[in-house]
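Contents: one structure, followed by commentary.
The values are calculated or read from the model by the stated rules, or taken from the named source; none is laboratory data. Everything numeric in this text was worked out from a predicted model, so none of it was measured. Virtual Cβ from ideal backbone geometry, glycine too; neighbours counted across all protein chains shown. Please note that ligands, DNA and RNA were not included when accessible areas were found on the heavy atoms of the full protein model with its side chains. Shrake-Rupley method; radii C 1.70, N 1.55, O 1.52, S 1.80 Å.
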Amino acid sequence: MIEVNNDLTNGDRAAEADHDLVAQPHQQQGPVAEAETTAAEMSSDEQPLGRLGRRFDRRSPFFVGMAAAAGVAITYGAVRVLESMSSILVMIGVAFFLALGLEPAASWFVNHKLPRWAATTLVFAIFLALLGAFVGAAIPPLVQQAGELIHQAPHYIQRAQDHSSAVGRLNDRFHLQQRITDALNGSGGSLLNEVVSAGTAVFKAVADGLIVVVLTVYFLVDMPRIRTTLYRLVPHTRRPRVILIGDEIFAKVGAYVLGNVLISIIAGAATFIWLTAFSVPYPLLLGIFVALLDLVPVVGSTIAGVVVGAVALTVSLPVCIATIVFFVVFRLAEDYLLVPKIIGRAVKVPALITVVAVLIGGALLGIVGALVAIPIAAALQLLTQEILFPRLDNV
């Protein structure tokens, strides 16, 4: 009996073991089936994927550690990406800056019942027509004056070696000819390598310029969409205030770009008239040079004045002194008459902030930084006056 009972007991145990093996998959599927039932109950016509769950505990040590590590990794990766794309980002920034400058003209045509694409096309057609007319009128004199400069170069070198002339005395005192020779031979490369390097630099500059032009066209066409997208990144409750401030900043940038171009054209034309009146060589070439450098705030016109004064020295010392005086007077008129009348009313940036902004922008991004420094300073000044100071006054 005992053996039979043992056999029955073993059989019962085997049956129970088989029952456990069969029941175990059902027990494993139980929690999943329960979750599927709950998911079916959560789904509705309004929210087919259910409602948003509660947030993680942000005070959890694990969450804090993971968030800190992810923040450091993302910041480091973003900095490296920005460093590798710095040249492209500069071109994008310049194109957007130019598009903001052309936006008032495009908006004027849009307000007069033209489609956006037609307004953009018309703005660039006018710009290309003016550029073509300028190039067509300027190239023949430029070629002639460049040829004269090459032809007269030995004569200027001979005058620099003449100890009795004014240029010769300056050369003896400051060793100008030796400095120029050392600067040309300082790299130690051959003439062919220098020509190839110069050609590569010119090709790169032309390619970058074309890319900037294309990007400017796209930015100008899509400016309303870009504006809407930027404002949608702001919370709804703050959006109206941001729209008012943002549109004011865009208007300041556009006024600065157009005003700066107009002042540069005036500077180039005044230089051309002055040099022509005093028979200084290469007046058109130097006028264009002054107009281009005058686009750079604060330092551009000063550098241009020094170069033009050096060329005027080849005529006579009195003409050189008179030319320098002309640039000083014109610079004062530009700073205290043209800039306040044309740019100052729209931008309204104090002189100290202007100088500091241009120095910082030039140190960070060179000529591009100096060009965009004043509009950025105007934007920061507006944000400070409208947001920072009122909040600090209420603390």
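Here are some notes:
- Residues satisfying the stated conditions in region 280-300, i.e. without any contact (Cβ under 8 Å) to a residue 40 or more places away in the chain and open to solvent by 50 Å² or more (accessible area, probe 1.4 Å): PHE289, LEU292
- Selection status of PRO48, modelled with pLDDT of 75 or more, open to solvent by 90 Å² or more (accessible area, probe 1.4 Å) and out of contact with any Ser or Thr (no Cβ under 9 Å at 6 or more places or on another chain): no
- Beta carbons closer than 7 Å, at least 6 apart along the sequence or on distinct chains, never pair a first residue in region 218-239 that is touching a residue at least 60 places away in the same chain (Cβ under 8 Å) and surrounded by 13 or more Cβ atoms within 10 Å (Cβ to Cβ) with a second that is not in a helix (DSSP H, G or I) and not hydroxyl-bearing (Ser, Thr, Tyr).
- Filter result for ILE360 (open to solvent by 60 Å² or more (accessible area, probe 1.4 Å), under 20 Å from PHE97 (Cα atoms) and assigned to a helix (DSSP H, G or I)): yes
- Applying a threshold of 6 Å to beta carbon distances and a minimum spacing of six or more residues, or different chains, the list of pairs starting in region 80-103 at a residue that is under 15 Å from GLY369 (Cβ atoms) and ending at one that is open to solvent by 50 Å² or more (accessible area, probe 1.4 Å) reads MET91/ILE211.
- Candidates ALA68, ALA119, ALA105, ALA99: the one that is open to solvent by 50 Å² or more (accessible area, probe 1.4 Å) and hydrophobic (A, V, I, L, M, F, W, C) is ALA68.
- Selection over region 301-321 of residues that are assigned to a helix (DSSP H, G or I), touching a residue at least 12 places away in the same chain (Cβ under 8 Å) and not hydrophobic (A, V, I, L, M, F, W, C) gives a count of 4.
- Yes/no for VAL280 being over 28 Å from GLY366 (Cα atoms) and either in contact with an Asp or Glu (Cβ under 7 Å, 6 or more places away or on another chain) or not hydroxyl-bearing (Ser, Thr, Tyr) (or both): yes
- The sole residue among LEU371, LEU382, LEU364 that is farther than 23 Å from GLY268 by Cα, among the aliphatic types (A, V, I, L, M) and touching a residue at least 60 places away in the same chain (Cβ under 8 Å) is LEU382.
- In region 335-353, the residues that are assigned to a helix (DSSP H, G or I), open to solvent by less than 40 Å² (accessible area, probe 1.4 Å), modelled with pLDDT of 75 or more and closer than 19 Å to LEU382 by Cβ: VAL347
- Residues in region 239-283 that are of a type in the set (A, V, I, L, M), under 18 Å from ILE324 (Cα atoms) and in a helix (DSSP H, G or I): ILE266, ALA267, ALA269, ALA270, ILE273, LEU275, ALA277.
- Check on THR271, under 19 Å from PHE124 (Cβ atoms), surrounded by 14 or more Cβ atoms within 10 Å (Cβ to Cβ) and in contact with a Phe, Trp or Tyr (Cβ under 9 Å, 6 or more places away or on another chain): no
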